[in-house]
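Inspection log for the structure reproduced underneath, given as structure tokens.
What follows is calculated from the coordinates using simple rules that are stated; it is not laboratory data. Since the model is a prediction, treat every value here as computed from it, not as a measurement. Here Cβ is always computed from backbone atoms with ideal geometry, including for glycine, and neighbour counts include all displayed protein chains.
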Amino acid sequence: MATLQKIRDKGTLLVIVIGAALLAFVLGDLFTSGTTLFGKARDKAFVVNGEVISTQQYADKITEFEEFQKMISGQSSLDENTTSQIREAVYQQMVRQRLLDDQTKELGLTVTKAELNDLVHGENISPVLQQLPFFLDPQTGMFSRSALIEFINTINMPSPGPQEQELVNRYKKLWLFMEEMVRTQRLEEKYISMLSNALIVNDTEAKTSFDLSQQNADIAYAMQSYFSIPDSSVTVTDKEIQDYYNAHKASFKLEAPLVKLSYFSKEIVPSSEDFADVEAESRKAFTELQNANNPMSVVADYSDTPYRDVFVSEFMLTPSQIEFVRNAALNEIAGPKREGDAFQIIKLIDKTVAPDSVRLRMMAIPDASMVGQDSVVTNFVDSIYGLLQSGSAFAEVANSLNPNSNGGEVGWAREIDLSQMGAGLVQAAFNTPVGQPVKVSVPGQQLILQVEERTTPVNKYKVALINMPVVASEKTSNNIDNELNQFVSAPDVETKFNELASEKGYMVMPNVTVSANDFSLLQIPGSRQIITWAANEKNRGAVKKFDLTNLRVIARTEQLIPAGTAPLSEVSPGIRTQLLNEKKAGKIITDLQAQNLTSLDTYAAAMKGTTDTVRFVNFTTRNITGLGVEPVLNAVSATAPLNKVIGPMKGNMGVYVTQVVNRTEGTETYDAKTQKMSMLNNNAYRLQMQSIEVLKDKLGVEDNRFKFF
């Protein structure tokens with residue numbers, strides 16, 4: 001009762017305490033779930049027409065594409081450059097697909113199931129599948145329907161065993177990926193076809209375009225480059241730059257922010273102490289190799305390259321090694337000698353005169369121990385060998401076993417190329433008479449080979465080579481890291497970055513501008529992380545150290561320019577250059593016209609240059625040899641009278657004075673249908689390139705990848 005009375009006395013306090021606890025629990029749960037909600041709101045890798053693509057969706061698609069790339073290339077891993085290209089390709093593909101899906105739904109364009117089946121199974125196989133390496137005939141390089149059918153049969157295998165199941169699953173995922181590529185490509189084809197068919201080419205336009213394409217001109221010209229006169233000879237005002245910027249803002253759009261940063265780098269290289277340590281170790285290796293009866297174990301203990309028990313020609317040796325082997329006695333040893341960042345020891349084991357290479361044909365049969373059929377395999381190999389001995393052509397027998405073997409052709413090989421398959425194969429290849437088949441056993445296989453040809457005998461050497469590279473030790477790396485960590489930790493490093501770096505002898509790269517989505521900082525491998533940090537760093541002037549492979553980078557953020565229209569400060573130099581060239585063109589033209597010149601040679605002299613000639617230029621020539629894109633010359637090729645001096649005219653590179661010295665008519669016959677189709681195809685190509693960019697502007701694409709990747 002006493003306890004109950006205490007509870008009653010403290011009832012009000014307990015209610016408050018319990019209420020506060022419940023409130024804290026509810027608010028805690030709310031804030032926790034809110035964090036998730038806020039996180040989801042922020043998790044936008046990019047947005048297309050209001051649709052949010054999360055970082056997980058983007059990463060999953062990258063993984064799919066990487067697996068696809070590994071399978072078509074046969075690689076187990078991808079390098080940094082390939083991975084970066086895949087990330088960009090996946091982004092472009094995902095954006096393109098969503099923009100197209102939005103438009104095609106409104107227009108009622110679809111790819112039906114029957115249509116898709118025809119593209120992947122029927123008579124009209126998609127170009128996407130026809131270009132994939134594993135559907136090509138290895139002999140012809142052309143699309144193989146049988147290879148496609150074999151692939152499809154594999155993924156439809158009714159009851160695969162445990163070992164086959166993993167392969168089937170991979171193939172199924174790959175097939176779904178390819179089907180989606182086929183569907184998207186066909187949908188885009190329909191969309192572009194609809195757009196291009198909305199544009200017509202009339203008879204007059206087609207005939208005029210054809211006639212202009214047939215008028216090929218040889219043009220003599222003199223050109224004065226804009227670089228030939230100083231910028232100070234003309235004036236471009238700030239107002240002119242501002243006016244040009246205002247009139248062309250659409251040309252200065254940024255899809256991703258620009259990052260400005262300053263940085264310096266320090267390479268992790270071996271110290272003198274590291275070189276001394278390796279040199280001391282190499283002296284031990286020298287003594288052991290000198291006394292060793294079998295060099296293989298010594299080379300394995302000390303060298304970064306294994307011992308090869310084969311003869312090599314001088315073509316595979318360095319100049320210093322050639323000098324040694326030519327004059328050394330057997331078992332003579334030289335070194336240790338520093339070669340670049342390594343110490344080398346070489347011992348001459350043997351020498352001979354023999355062919356450097358042989359050209360082989362070969363057939364391989366799985367070894368009896370691999371299939372558990374000793375007598376069957378032995379009899380099979382003997383029967384094939386008997387056919388060859390009785391006069392059957394090696395190539396015919398090889399093709400009968402495997403139609404894709406190209407007659408068993410291996411090509412040219414050296415001893416070192418064959419050494420991984422065993423000494424028996426090397427011995428047979430370099431000692432069996434030309435044209436005589438021979439049987440050789442190698443691990444897992446029975447081989448029948450035939451030497452087709454050998455090179456002329458040369459001096460060859462068997463050497464034991466110990467190569468001991470000098471790499472930066474952990475102590476050396478730590479010393480460099482400690483030095484740079486102290487630099488980054490300096491109290492005034494953010495405000496005096498350049499001064500402090502110069503005092504330490506570091507060369508700063510100031511105000512480097514990169515896109516927030518660039519793969520790397522000035523081609524530095526692994527430097528994407530620096531750009532990601534700088535693009536997301538809130539504190540302008542922040543300094544950070546980055547540990548890259550064999551390199552340390554210390555970077556300072558300078559400025560972040562958001563996506564959208566680039567500010568005038570960023571594009572002003574380019575505008576100024578363009579306006580300077582326009583004013584230089586006006587000045588050059590005015591000066592030339594005042595001289596009343598009449599011939600191309602006098603113009604060339606006044607322009608302090610010489611005449612030159614371009615041939616076979618017509619109105620449709622896109623790129624003129626040696627000059628690039630110069631539309632004024634295209635116009636001259638079509639309209640200028642023969643042998644009349646035309647100009648001076650403003651071009652892209654400079655001011656031109658021209659003269660058509662010859663004009664020939666093409667021999668093609670005009671066909672209105674063919675010409676119109678060609679022009680429509682060109683329109684379709686341009687629309688394919690331009691339509692996506694227009695859709696991006698109209699529907700909106702927000703690229704936030706720099707925040708996460």
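Could you put 514, 128, 488 in order, starting from the residue whose Cβ has the fewest other Cβ atoms within 10 Å?
So the ranking, lowest neighbour count to highest, is 488, 128, 514.
How much net charge surrounds residue 182 when only the other residues with a Cβ under 12 Å from the Cβ of residue 182 are counted, with Lys and Arg +1 and Asp and Glu -1? Show your work: numbers first, answer last.
On the way: positive: 183, 186; negative: 115, 118, 179, 180, 188, 189.
Surrounding charge for residue 182 is -4.
Could you pull out the pairs from 587/644; 239/260; 239/587; 650/698; 70/545; 44/538 whose alpha carbons sit more than 30 Å apart here? List each step's numbers first, then the result.
Numbers: 587/644 23 Å; 239/260 26 Å; 239/587 20 Å; 650/698 35 Å; 70/545 34 Å; 44/538 19 Å.
Cα-Cα > 30 Å for 650/698; 70/545; rest within.
From the square roots a ≥ b ≥ c of the eigenvalues of the alpha-carbon gyration tensor of the stretch 357-454, which class results: rounded (a/c under 1.5), prolate (a/b over b/c), or oblate?
Judged from the Cα gyration tensor, the stretch 357-454 comes out oblate (a/c at least 1.5, b/c at or above a/b).
What is the gain in length, in nm to one decimal, between residue 416 and residue 587 on full extension, counting 0.36 nm per residue of separation less the C-alpha to C-alpha distance? Present the calculation step by step, with values, prior to reporting the outcome.
Values: separation 171, 0.36 × 171 = 61.56 nm, distance 6.82 nm.
Contour length minus the Cα-Cα distance gives 54.7 nm.
Once you have all Cα-Cα distances for the stretch 451-591, histogram them in 5 Å bins from zero and send the whole-percent values.
All Cα pairs considered, the percentages come to 2, 7, 11, 13, 13, 10, 7, 6, 6, 6, 5, 4, 4, 4, 1, 0.
At a 10 angstrom cut-off on C-beta neighbours, averaged per residue, how do the peptides 386-397, 205-216 rank from highest to lowest?
The densest-packed peptide leads the list: 205-216, 386-397.
Between residue 247 and residue 570, take the C-beta separation as r, use R0 = 30 Å, and let me know the FRET efficiency to the nearest 0.05.
0.95
Measuring from label point to label point, each 7 Å out along Cα→Cβ, what is the residue 602 to residue 198 span in nm?
My value for the distance between the label points is 5.5 nm.
Which order do the peptides 228-238, 281-291 take when ranked by the mean count of other beta-carbon atoms within 10 Å per residue, highest first?
281-291, 228-238
Could you give the semi-axes, largest first, of the ellipsoid that matches the stretch 629-701, computed as the square roots of 5 times the alpha carbon gyration tensor eigenvalues and rounded to whole Å?
Semi-axis lengths for the stretch 629-701 are 34, 23, 6 Å.
Which whole-number percent of Cα pairs in the chain have a distance greater than 43 Å?
59 percent
Please find the FRET efficiency linking residue 445 to residue 625, where r is the Cβ-Cβ separation and R0 is fixed at 56 Å, and quote it to the nearest 0.05.
Rounded to the nearest 0.05, the efficiency is 0.55.
Peptides 85-94, 684-693: what's the order by average Cβ count within 10 Å, highest mean first?
On the way: 85-94: 16.4, 684-693: 14.6.
Those peptides, ordered most packed to least, come out 85-94, 684-693.
Mean Kyte-Doolittle hydropathy of 1.0 or higher plus an axial Cα length of 27 Å or more: which whole DSSP H helices in the chain meet both?
Those that pass (Cα extent of 27 Å or more, hydropathy at least 1.0) are 11-42.
What shape does the stretch 529-588 have by the C-alpha gyration tensor, where a ≥ b ≥ c are the square roots of the eigenvalues, rounded means a/c under 1.5, and otherwise prolate means a/b greater than b/c and oblate the rest?
The shape class here is prolate.
Quick one: go through the stretch 664-706 and flag any residue whose amide nitrogen is under 17 Å from the point 7 Å out along the Cα-to-Cβ line of residue 185.
685, 688-689, by backbone N distance to the label point.
Sorting 512, 470 on the 10 Å Cβ count, fewest up front, what's the list?
512, 470
Mind giving me the nanometre distance, one decimal, between the label points for residue 477 and residue 341, set 7 Å out from Cα along Cα→Cβ?
Taking the two extended label points, one gets 1.3 nm.
Give the separation of the Cα centroids, the stretch 583-603 to the stretch 108-152, in Å.
61 Å
Could I get the Rg over Rh figure for the stretch 286-363? Both from C-alpha atoms, Rh via Kirkwood, rounded to two places.
With Rh from the inverse mean 1/r over Cα pairs, Rg/Rh is 1.00.
With r defined as the distance between the Cβ atoms of residue 287 and residue 409 and R0 fixed at 60 Å, what FRET efficiency is calculated, to the nearest 0.05?
0.80
When the chain is fully extended, how far beyond the present Cα-Cα distance does residue 380 get from residue 101, taking 0.36 nm per residue of separation?
94.6 nm
Quickly work out the residue 117-to-residue 70 label distance, labels modelled 7 Å from Cα along the C-beta direction, and quote it in nm with one decimal.
About 3.4 nm separates the two model spin labels.
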